[in-house]
Structures are given as structure tokens and as C-alpha cells.
Amino acid sequence: ETGVTQTPRHLVMGMTNKKSLKCEQHLGHNAMYWYKQSAKKPLELMFVYNFKEQTENNSVPSRFSPECPNSSHLFLHLHTLQPEDSALYLCASSQVGGGTYGYTFGSGTRLTVV
Amino acid sequence: QKEVEQDPGPLSVPEGAIVSLNCTYSNSAFQYFMWYRQYSRKGPELLMYTYSSGNKEDGRFTAQVDKSSKYISLFIRDSQPSDSATYLCAMSDKAAGNKLTFGGGTRVLVKP
């Protein structure tokens with residue numbers, strides 16, 4: 001496996017469910033990110049981790065809970081979501097200082113909340 | 001005012017035409033500029049990277065940065081149907097650390 005891998009690719013969940021999104025990177029990067037991409041909206045940064053420590057939480061509701069056990073893995077735990085949370089959730093990784101070098105994105109998880 | 005402005009399109013061109021995309025920005029501290037391409041149902045992929053002002057060419061793609069006007073451009077020559085995608089600009093300044101600021105993306109359709 002190379003690059004940034006996200007699973008599952010598609011997820012449909014009810015508002016009372018609990019699910020998790022997984023991201024794994026095989027690039028030796030030290031920073032990982034969660035982004036939300038909704039139709040007709042710019043990418044929204046949700047969380048940033050440097051060396052598995054959270055460095056940014058962009059005012060994300062607590063129904064989204066990130067976890068970064070090591071520099072290669074990132075999870076997004078979801079619970080009691082709302083229909084407006086339906087979107088493409090993208091994971092990305094970079095070397096620390098990714099604003100300078102750019103990110104590598106995964107293919108995303110298409111989430112539908114019903 | 002958004003920090004980075006990008007026309008959402010769609011921009012429809014015939015095969016073989018030149019595609020011209022641009023972004024304007026307000027933060028004069030930005031010095032790292034990137035273009036990402038995103039195909040439907042895929043994540044964005046880094047297409048072009050430019051530091052500070054000037055031009056960069058890679059095959060059919062040319063990226064230009066005009067810092068005095070706070071304006072960046074991406075040109076695609078001899079466009080192909082496979083170039084149909086959404087193109088996002090992204091930029092940062094050295095103090096931003098990990099943070100990239102993205103435009104909203106321009107959807108491009110190249111018709112055979």
C-alpha cells in the first residue's frame with residue numbers, strides 16, 4: 001500500500017449511530033489532517049496532528065472526535081451526527097510544515113447521515 | 001471577504017483549447033502557491049507548486065504567480081477530456097506552519 005488510504009469509501013449512518021473513519025499513510029509523514037468537503041463549499045479544515053499531538057481543532061462540534069495513535073494512523077469517531085454533516089471527509093498527510101510543501105490526500109469517505 | 005477567491009465555474013472548453021484558471025488572494029504574506037486537481041469521487045492531488053513569484057512549467061501545465069496583484073493562474077495547453085476535474089488553488093505563508101488556505105475550486109469540463 002502506498003500513499004494515503006481511507007476506509008470506508010462510503011458510509012451511510014443514522015443519526016443515533018456511532019461509526020469511525022480510518023486513515024493510514026505510508027509516506028513517512030509526521031503531520032495528519034482531517035478535512036470536510038461539502039458541495040459548493042471550500043475545504044474546511046477540522047483537525048491537525050503533528051507527531052500524533054493535536055495542534056488544531058477548528059471549532060469542530062464534539063460529535064466529531066479524532067484520534068491519532070501514531071504518526072501513520074488517524075481516526076475520526078462519529079456519534080449522533082446531523083444530516084448537515086453529510087459530506088466527503090478527506091484525510092491528508094504531510095511533513096511538518098505542510099503549508100510549505102503541500103499535502104497528500106486520501107480518496108475520502110463519502111458520508112451520508114440519514 | 002474570503003481569503004482566497006476562485007470562480008466555481010463550470011468552465012467548459014472544447015478539446016485542444018487552452019484552459020485558463022485563476023485565484024485572487026488578500027494575504028500579502030502568502031509565498032507558497034499550489035494547484036490541486038480533484039477528479040470526481042477522489043481526493044485532491046498536488047499538480048503544481050510554485051514558490052514566490054514567477055512561472056513554472058510542467059508539460060502541458062503552466063503556473064504563474066503575480067504577487068504584486070495577488071493573483072495566481074494555471075494554464076492547461078492542448079486540453080484533453082481527461083483534464084475534466086475540479087482545480088483548487090492553495091497557498092500559505094512561512095508562519096502558517098502546517099496550514100494551507102484553499103480556494104473553493106473551479107470545475108472544468110473538456111468536451112471531445
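The values are calculated or read from the model by the stated rules, or taken from the named source; none is laboratory data. Because the structure is a prediction, the values reported are computed rather than measured. Glycine also receives a Cβ, built like all others from the backbone with ideal geometry; neighbour counts cover every protein chain displayed.
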task = Could you tell me whether any residue of region B:83-95 is away from chain A (no Cβ under 14 Å) and of a type in the set (D, E, K, R)?
result = yes
Selection from region A:1-27 of residues that are within 12 Å of another protein chain (Cβ to nearest Cβ), surrounded by fewer than 20 Cβ atoms within 10 Å (Cβ to Cβ) and assigned to a strand (DSSP E or B) = A:T5, A:H10
query = Among (1) farther than 23 Å from B:F102 by Cα; (2) modelled with pLDDT of 95 or more; (3) of a type in the set (S, T, N, Q), which single condition is A:Q25 missing?
reply = (1)
ask   = Only one of B:G9, B:G97, B:G43 is surrounded by fewer than 20 Cβ atoms within 10 Å (Cβ to Cβ), over 11 Å from the mean Cα position of the chain (by Cα) and without any contact (Cβ under 8 Å) to a residue 24 or more places away in the chain; which?
value = B:G97
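This table checks each residue for (1) under 21 Å from B:C89 (Cβ atoms); (2) more than 10 Å from the chain's Cα centre (by Cα); (3) at pLDDT 95 or above.
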position: A:T55; (1), (2), (3): no, yes, no
position: A:N58; (1), (2), (3): yes, yes, no
position: A:T80; (1), (2), (3): no, yes, no
position: A:Y89; (1), (2), (3): no, no, yes
position: A:S94; (1), (2), (3): yes, yes, no
position: A:G108; (1), (2), (3): yes, no, yes
key: Failed criterion for B:V65 (all others in (1) in contact with a Gly (Cβ under 7 Å, 6 or more places away or on another chain); (2) in contact (Cβ under 8 Å) with a residue 40 or more places away in the chain hold)   = (2)
ask   = Can you tell me which residues in region A:26-48 are in contact (Cβ under 8 Å) with a residue 60 or more places away in the chain, out of contact with any strand residue (DSSP E or B) (no Cβ under 6 Å at 6 or more places or on another chain) and small (G, A, S)?
value = none
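For A:S71, state whether it is in contact with a strand residue (DSSP E or B) (Cβ under 8 Å, 6 or more places away or on another chain), closer than 26 Å to B:Y87 by Cβ and among the polar types (S, T, N, Q).
No: the conditions fail for A:S71.
Conditions tested, residue by residue: (1) in contact with a Pro (Cβ under 8 Å, 6 or more places away or on another chain); (2) among the charged types (D, E, K, R); (3) at pLDDT below 95.
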position: B:V19; (1), (2), (3): no, no, no
position: B:N22; (1), (2), (3): no, no, no
position: B:S28; (1), (2), (3): no, no, yes
position: B:Y36; (1), (2), (3): yes, no, no
position: B:S40; (1), (2), (3): no, no, yes
position: B:L47; (1), (2), (3): no, no, no
position: B:G59; (1), (2), (3): no, no, no
position: B:K67; (1), (2), (3): no, yes, yes
